[in-house]
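Report on the following structure.
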Amino acid sequence: MKVQMLSYKRLDSPIHRLTGSTKLIFFALWSVVSMITYDTRSLLVMFLFSLIMFALSKVKYQDYSFVLYLILFFFLLNHIAIFLFSPHEGNKIYGTTHELFHIVGWYSVTLEQLFYQFNIMLKYLTVVPIALLFILTTDPSEFAASLNRIGVSYKISYAVALAMRYIPDIQRDYQNISFSAQARGLDTSRKEKLFKRLKNVVAILLPLTLSSVERIEVVSAAMELRGFGRHKRRTWYNAKPFTARDYAALAVIVIVVAVSIALAVSNGSRFYNPFV
């Protein structure tokens, strides 16, 4: 079965028409606000807004489903670890204790802990859609040109573009190596037991790493032969000028940052406390 990883697909949507630098600035500020604030009201609004942007992007579910499942798996592990190692973190933060039921030892479920972990969940739900959108809707070449326009060295910009272009190549190499391994009896499908599957996947990673190193050497040699990096500036085929929609997107993220700061000031902290 083909595994669909993250890669850019050219579509006609308001999100795709934004410049790469606009999306980078938006994503960076959005992520900072999401990570810093624990205000439930702010996170809920940001989550709903991220869903609206996802709908506007016209991105199909199968284009990111595998990565989404992977993120949700680690999200679940994170929640379990938080409760196992700090089951009363919410009580410390909000200063009250409303116990729902006791489990064993020092483990008990409280409203404060549930609310704290609900906010952690909102953080994931707020950042993940924007991160996926950034990768799925940004043309690597145009993004490199946008980075160079805002002052980033064109060498670094081009390296970032190559890294983004390499995502579907890694996916294709992994699938080819996986199919070859399965033909030799290394099953990585769900029919095999979990630990056996993990062992077989590890066996695939070594040739994948070697093929990646070889590809890097080929690309580096080709760029060196073409004189890449000899001059201080370069031209870009896919450069896009800023438009009204870019300024509107930047205005939105500035408003989000301002409102989040205002809520933190009104609360007296970055935590919204409904228990007092």
Problem - Selection within the stretch 53-75 - part of a loop (DSSP other than H, G, I, E, B) and surrounded by fewer than 18 Cβ atoms within 10 Å (Cβ to Cβ) - result: K58, K60
Practice task
Within the stretch 46-53, identify whether any single residue is at positive phi and touching a residue at least 12 places away in the same chain (Cβ under 8 Å), and answer yes or no.
Solution key: no
Problem - Inter-residue pairs, beta-carbon under 7 Å, first under 14 Å from Y116 (Cα atoms) and in the stretch 61-89, second assigned to a loop (DSSP other than H, G, I, E, B), 6+ apart - result: P87/W106
Problem - Candidate set: the stretch 5-52, residues that are in a helix (DSSP H, G or I), farther than 22 Å from N119 by Cβ and not hydrophobic (A, V, I, L, M, F, W, C); chosen: the one most open to solvent (accessible area, probe 1.4 Å) - result: K23
Problem - Among residues of the stretch 93-117, those that are surrounded by 16 or more Cβ atoms within 10 Å (Cβ to Cβ) and not acidic (D, E), counted - result: 9
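The values are calculated or read from the model by the stated rules, or taken from the named source; none is laboratory data. Model, not experiment: these values are computed from the prediction. Please note: Cβ atoms are built from the backbone with ideal geometry, for glycine as well, and neighbour counts cover all protein chains shown. In case anyone asks, the SASA skips ligands and DNA or RNA and just uses the protein heavy atoms, side chains included. Shrake-Rupley method; radii C 1.70, N 1.55, O 1.52, S 1.80 Å.
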